[in-house]
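Q: Okay, handing you the structure first.
The values are calculated or read from the model by the stated rules, or taken from the named source; none is laboratory data. In this text the structure is predicted, and so the values were computed from the model without any measurement. Cβ placement follows ideal geometry from the backbone for every residue including glycine, while neighbour counts extend to all protein chains displayed. When the accessible area is computed, the model is the full protein with side chains, heavy atoms only, and any ligands, DNA or RNA have been set aside. Shrake-Rupley method; radii C 1.70, N 1.55, O 1.52, S 1.80 Å.
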Amino acid sequence: MERIRIKAILHRSALLGAIWAALTAPSLEGLAVGILAVPAAVWLSLHLLPARHPLVVWRLALHLPRFVAGSVTGGIDVARRAFARDMPLDPGWVELPVDLPDGGRAALGGEISLMPGTLAAGSHEDRLLVHLLDTGAGFDAAIPREAAEIAAMIGAGPGAGQGAGQGTGQGAGPGTGRGAGRGRA
């Protein structure tokens with residue numbers, strides 16, 4: 001367990017340090033503050049989301065290009081729908097089973113929310129509640145694949161992410177189900 005914690009400190013320090021450096025550009029004042037801010041952020045992240053599984057960095061690196069390509073493709077699709085005269089939307093909620101630990105489920109929810117046309121609205125036990133702009137576009141079929149990739153990235157074991165199955169089409173919010181909430185996005 002100590003090895004996982006050390007790896008988490010190193011990974012989080014590198015990630016948060018890179019983000020800090022990108023935000024502050026090459027200014028000495030920004031880097032001086034970062035020397036204090038980054039360790040504080042790493043400490044806080046370890047207390048809010050303790051390291052239970054090691055991050056497999058090479059899998060994360062392989063995942064990023066596909067994520068960026070999916071974001072661009074999804075953004076073009078949402079823009080196309082926004083500028084279309086009839087605005088072809090079929091919004092609704094799906095509730096999907098996700099076999100990930102808490103940190104993995106949070107990462108999946110964050111990734112889903114960054115993809116155009118989807119918003120992770122919460123989770124309950126092993127289910128993720130997702131709002132879709134178009135329930136017929138196949139977004140809900142892509143979510144189990146994303147869950148499996150995140151499980152591989154965090155080393156959550158062979159069963160993690162594999163239990164993510166088909167959506168029920170029924171959500172826990174008002175206007176749930178396929179096509180519910182037509183006209184609202």
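Q: Restricting to the range 64-108, what's the tally of residues that are of a type in the set (Gly, Ala, Ser) and either closer than 30 Å to Pro50 by Cβ or surrounded by 16 or more Cβ atoms within 10 Å (Cβ to Cβ) (or both)? Reasoning before the result, please.
A: Initially, the range 64-108 is screened for residues of a type in the set (Gly, Ala, Ser), giving 69-71, 74-75, 79, 82, 84, 92, 103-104, 106-107.
Remaining after also requiring either closer than 30 Å to Pro50 by Cβ or surrounded by 16 or more Cβ atoms within 10 Å (Cβ to Cβ) (or both): 70-71, 74, 92, 103-104, 106-107.
So the count comes out to 8.
Q: Go through the range 129-146 and count every residue that is surrounded by 20 or more Cβ atoms within 10 Å (Cβ to Cβ), at pLDDT 85 or above and aliphatic (A, V, I, L, M).
A: Summing the residues that are surrounded by 20 or more Cβ atoms within 10 Å (Cβ to Cβ), at pLDDT 85 or above and aliphatic (A, V, I, L, M) in the range 129-146 gives 2.
Q: Separate question: The conditions are (1) open to solvent by less than 60 Å² (accessible area, probe 1.4 Å); (2) in contact with a helix residue (DSSP H, G or I) (Cβ under 9 Å, 6 or more places away or on another chain), and Arg59 fails exactly one of them. Which is it?
A: In the conditions (1) open to solvent by less than 60 Å² (accessible area, probe 1.4 Å); (2) in contact with a helix residue (DSSP H, G or I) (Cβ under 9 Å, 6 or more places away or on another chain), Arg59 misses (1) alone.
Q: All but one of (1) more than 23 Å from Ala51 (Cα to Cα); (2) exposed (fewer than 11 other Cβ atoms within 10 Å of the Cβ) hold for Glu125; state the number of the condition that does not hold.
A: Against the list (1) more than 23 Å from Ala51 (Cα to Cα); (2) exposed (fewer than 11 other Cβ atoms within 10 Å of the Cβ), Glu125 comes up short only on (1).
Q: Go through (1) of a type in the set (S, T, N, Q); (2) at pLDDT below 75; (3) not in a loop (DSSP other than H, G, I, E, B) and name the single condition Thr168 misses.
A: The number of the failed condition is (3).
Q: Continuing with the same structure: List the helices (runs of 4 or more DSSP H) that sit entirely inside the range 1-107 and contain at least 1 residues that are modelled with pLDDT under 80. Full working, then the answer.
A: Details: elements: 2-24, 28-48, 57-83.
By residue number, 2-24, 57-83.
Q: Could you check the range 74-118 and list, in sequence order, the residues that are aromatic (Phe, Trp, Tyr) and under 18 Å from the mean Cα position of the chain (by Cα)? Walk me through it before giving the result.
A: Start the filter on the range 74-118 by keeping residues that are aromatic (Phe, Trp, Tyr), which leaves 83, 93.
Scanning the range 74-118 gives a single hit, Trp93.
Q: If we scan the range 17-24, do we find a residue that is within 20 Å of the chain's Cα centre (by Cα) and over 21 Å from Gly104 (Cβ atoms)?
A: Scanning the range 17-24, I find at least one residue that is within 20 Å of the chain's Cα centre (by Cα) and over 21 Å from Gly104 (Cβ atoms), so the answer is yes.
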